[in-house]
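Presented below is the structure to which this report refers.
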C-alpha cells in the first residue's frame, strides 16, 4: 500500500489521520461477494480514483461509505474516529457526500429548492426569493456557477451535475464521491469539472472518483485504487501508473485495444449501393421542435458508421428513426432500394434491421418475463416458433437456447425472469438476438454502456463479424476511442443535426470534439484556429 | 459458519406455493384464536363447517353454485392484468351483464334453445359495453382504468336497483324488489349446479390456452409486461389493450348472465353478492394465472359457504369478511417471504 509520496499536491501535516479509512470491508449479496477485505485510505488534499470493471464492487464500496448499505464486516474510520452510518443523512453529517451517476434531483423543482431539500439548515419558513439568494451566495462561495431560479428540467446535464455537487458541498462535505461523473459531459464541461475538483481538494478536502475511463483517471487523480471481483488489487500513485498497467490490473490479464477496422481475408467488401439512405429527414417532437433536422445519410453494407456526440443531441431519435420506431415528419428513408418512410418497427425488423437499444431493460426486453419470451421477440411470428396463429412454447425454448449458446450466456433456467441475468449477459443476449435478424442493418445505441472491458471486447467482435458478413452497422457511442477503433466513418451529431461525417483513417480526435460542441466540419480552418 | 438471509429476485414456484398454503393455514388459525377469544369454540365450528361442506352432496353443490361466478370474475380481473390493466369494475360489468340478459329474457319471446344463447351474448355485450368507456379513455387519453372502472360499479348497481324496483318490477307482485321470474333456466349439470359451472371452467381453460399457445397471447404478454418492448418490436399495444380490456368486461358480464339465468332466476338489487370485488382477490390469489383462478375461486367459494354455515351457528357475518381479509394479508406476507432463503457460508478468507 503506497503512501502518497509521489503526489504533486501538498502533503498533509505529520500526524494528520486520513480523512477516510476503510478497513477489511466486506459485503455479500445473494450468491455474490460484492466486497471482501477491502482497505482504502483517502488523505486530505488528494483526488483518489477508484477503478474497476463493472461488478468489481466500486459502487457497493461507496454505498457502504455513504450509509446506503451496511457492511457485513470491517470498519469505517473518519478523521481518526470509528463511525457507522445507518443512512446517507448520517454520512453527510460526517462530511461524506456522493454524487450518483443518475442524478437524484427533483426535476420539477428549481435549483434553489433542490439545494435546500431535506437539509436541516433550511429555514422552516422562507420565501422563494430568499431561497434563491441563499443559493446564489453558496454558489459564489463554493465557486460553482448555477442559476438558482431555473427549474432542473431546463438545465443541461453539466449544469445538473453542478447542482448535485453544490448540494453536497453546501452540506459541508469534506469528501466528495463522484460516480462516473464525466459520462454525461462534453469534453469542455469535463475540463471545468476537473478544475472545480482541483480547487476543492486544494482546500484540504478529498475526492473519490469512480471511473472506468483510464485516460481521465490518469489525468485527474493523485492515487488510484483498483478493485477486481470485490477485492482490492492495488493502490498506486498515479505517476507510477500507465494505461496498459491499469487495464491489466482491472481485468487480471493484458487486454489489447486493437484497431478493429482491418478486414479479415474472407470479409465481404463494402457495398457500393447504400443499404440505408436518409434523404433530408426531419423529425419533430410533440411540441413541433425539430429533434432531427434535415438529416441526409447513406450507410453502405459492410461498413461501420460511428455516431459521435454528447448524449441528448438526437442520437436516440436517430436510432428510433433507423429502426422504424419513429416516423419522419418529412423526408425519405430508403432501405435496400425500397421507400420505408411510412413503415413501422415490425416491418423494419422484417426487412432485416436489428436494433440494440439504448436502454435494454426499458425497451429491448420485458424484464419480468422469461428468458424464452425475451429470446423470441423478433421471431415469434414465423416458423418454427409460430405456425399460423399458433405459438409453440417448445420451439421458442429451443430458439432461446440457441441464442444463449451463441452469446455464451449460461442460463440456469429458461423460464426465470430475464432480469435475473447480469447486465453484460443481457446485453450479449440482446446483441445475438438482433444479429440473427440483422441481414441489412444493425443499429446499436451505446452498446458498451454499463459493460466491463471484457464484455465490451466481445460486443465489438460481434460487430466486426457482422460487418465482415456485409451488414451495415450504425454504432452510437460517447466513447470516442471506441468509435475510432471500430468505425470506418464517424458522423458527429449536435442539436439534432449532423455536423459532418469524417473518415476515421486520419481523423483528428480534437476536431471531432469541436464538432461535438457544435462546429461544422465544413470549416476546418476555423476549427484549427479554435484549437490554438 | 455464518448464517445469513438472502433475498432472491424471484421465488421458486414450489416455495411460493408452500408459502401460500402456510399463509392460508395461519390465517385460519388466527381467525380461530379470535373466535375463541370471543367465546366461541373454533374447533367445533370448524368441524361443523367441514361436515356441512364436504360431508354431503348439498354442501358441495352450494360451493359449486358460488364458485361459478367467482371463476369468471376472477378470470375477468386476471385477463385484464395480462395487459397490465386493473379491472376493479368486474362488479359493475357483472350487473350490466345480468341486466342485459334479463332484458332479453323479459322482452323477447322465443324457445329456450334460442333464448339462452341470446341471453349469453347479451350478458357478454352488457359487460363489454360497461368497460368500453374506461377502455377507450385509457387507450386514447391514458386515464387510469382503476378509477373509471370502480366508479362505474356504483352506476351499474344503482341501475339494477332502479329497474328491479321500478320499471321491471314483477307485475305478479309475489316478490318485492325483483323482476318477474325468468322464463328460461340454464339446465342443471350435477344436482343444483347448473351448466354455468363447466362453462366457466372451460372459459378459464380456453383463455389460458389462448395466452400460452397463440401469437396473439405472446404479443399480449410482452405488451402487458413492458409496453416499451412492444413498441420496440412493433406490436400494436393500443389494439391489444382495447381487445383484452373488452374481453375482461365481457367475461364479467357472462358471470352476471349465468348468475341470473342459472342461480337466482330474477334480477334484483344486490344480485352480485360482491362477486366482482371478490374476483380481484381470486385473481390475486391466483397470481394472475388464468388456470390458477379456478383454485382461487374454489378456495373463496369454500370460505363464503363456510360463512353461511357459521351464520347458522350464530357467528357474525363480518367474521367471514375478516377471515378473507386475513387470508389476503397473510398471503401477501407469504409471497414476500418466499423470496428469502437462509444460507450458511464459510467465514471469508483473508
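Miscellaneous remarks
- Answer from A:354, A:324 - the residue that is within 13 Å of chain B (Cβ to nearest Cβ), surrounded by 21 or more Cβ atoms within 10 Å (Cβ to Cβ) and on the phi > 0 side of the Ramachandran plot: A:324
- Number of the exception - residue B:211 against (1) over 23 Å from residue B:255 (Cα atoms); (2) buried (at least 17 other Cβ atoms within 10 Å of the Cβ); (3) more than 7 Å from every other protein chain (Cβ to nearest Cβ): (1)
- Qualifying residue in the stretch A:403-410 (condition: within 28 Å of residue B:214 (Cβ to Cβ), within 14 Å of another protein chain (Cβ to nearest Cβ) and either part of a helix (DSSP H, G or I) or modelled with pLDDT of 85 or more (or both)): no
Every residue, every condition in (1) assigned to a helix (DSSP H, G or I); (2) in contact with a helix residue (DSSP H, G or I) (Cβ under 7 Å, 6 or more places away or on another chain); (3) buried (at least 21 other Cβ atoms within 10 Å of the Cβ); (4) touching a residue at least 60 places away in the same chain (Cβ under 8 Å), yes or no:
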| position | (1), (2), (3), (4) |
| --- | --- |
| B:39 | no, no, no, no |
| B:47 | yes, no, no, no |
| B:69 | yes, yes, yes, yes |
| B:98 | yes, yes, yes, yes |
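- You will find that of A:298, A:359, the residue that is within 14 Å of chain B (Cβ to nearest Cβ) and under 30 Å from residue A:509 (Cβ atoms) is A:359 and no other.
- Test: residue in the stretch A:347-355 that is more than 21 Å from residue A:442 (Cβ to Cβ) and either in the same structural domain as residue A:495 (by TED's automatic domain parsing) or in contact with a helix residue (DSSP H, G or I) (Cβ under 8 Å, 6 or more places away or on another chain) (or both): no
- Qualifying residue in the stretch A:372-380 (condition: more than 11 Å from every other protein chain (Cβ to nearest Cβ) and either surrounded by fewer than 22 Cβ atoms within 10 Å (Cβ to Cβ) or over 22 Å from the mean Cα position of the chain (by Cα) (or both)): yes
- Some residue of the stretch A:366-383 being assigned to a strand (DSSP E or B) and more than 27 Å from residue A:56 (Cβ to Cβ): yes
- Within the stretch A:353-365, tally of residues that are touching a residue at least 12 places away in the same chain (Cβ under 8 Å), in a loop (DSSP other than H, G, I, E, B) and farther than 18 Å from residue B:82 by Cα: 2
- If you check A:36, A:70, A:101 for being in a loop (DSSP other than H, G, I, E, B), at negative phi, within 14 Å of another protein chain (Cβ to nearest Cβ) and surrounded by fewer than 23 Cβ atoms within 10 Å (Cβ to Cβ), only one passes: A:70.
- Residue B:291 closer than 21 Å to residue B:198 by Cα, surrounded by fewer than 22 Cβ atoms within 10 Å (Cβ to Cβ) and in contact with a helix residue (DSSP H, G or I) (Cβ under 6 Å, 6 or more places away or on another chain): yes
- Of all the numbered requirements in (1) modelled with pLDDT under 95; (2) touching a strand residue (DSSP E or B) at 6+ places or on another chain (Cβ under 9 Å); (3) buried (at least 18 other Cβ atoms within 10 Å of the Cβ); (4) part of a helix (DSSP H, G or I), residue B:218 misses one, and that requirement is (1).
- The set of residues in the stretch B:157-182 that are farther than 20 Å from residue B:253 by Cα and either assigned to a loop (DSSP other than H, G, I, E, B) or touching a helix residue (DSSP H, G or I) at 6+ places or on another chain (Cβ under 6 Å) (or both) comprises B:166, B:167, B:170, B:171, B:172, B:173, B:174, B:175, B:176, B:177, B:180.
- Residue match in the stretch A:49-59 (condition: touching a strand residue (DSSP E or B) at 6+ places or on another chain (Cβ under 9 Å) and over 18 Å from residue A:250 (Cα atoms)): no
- With respect to (1) surrounded by 21 or more Cβ atoms within 10 Å (Cβ to Cβ); (2) under 26 Å from residue A:157 (Cβ atoms), the lone exception for residue A:275 is condition (2).
The values are calculated or read from the model by the stated rules, or taken from the named source; none is laboratory data. It should be emphasised that the depicted structure is a prediction, and the values quoted were computed from it without experimental measurement. Here Cβ is always computed from backbone atoms with ideal geometry, including for glycine, and neighbour counts include all displayed protein chains.
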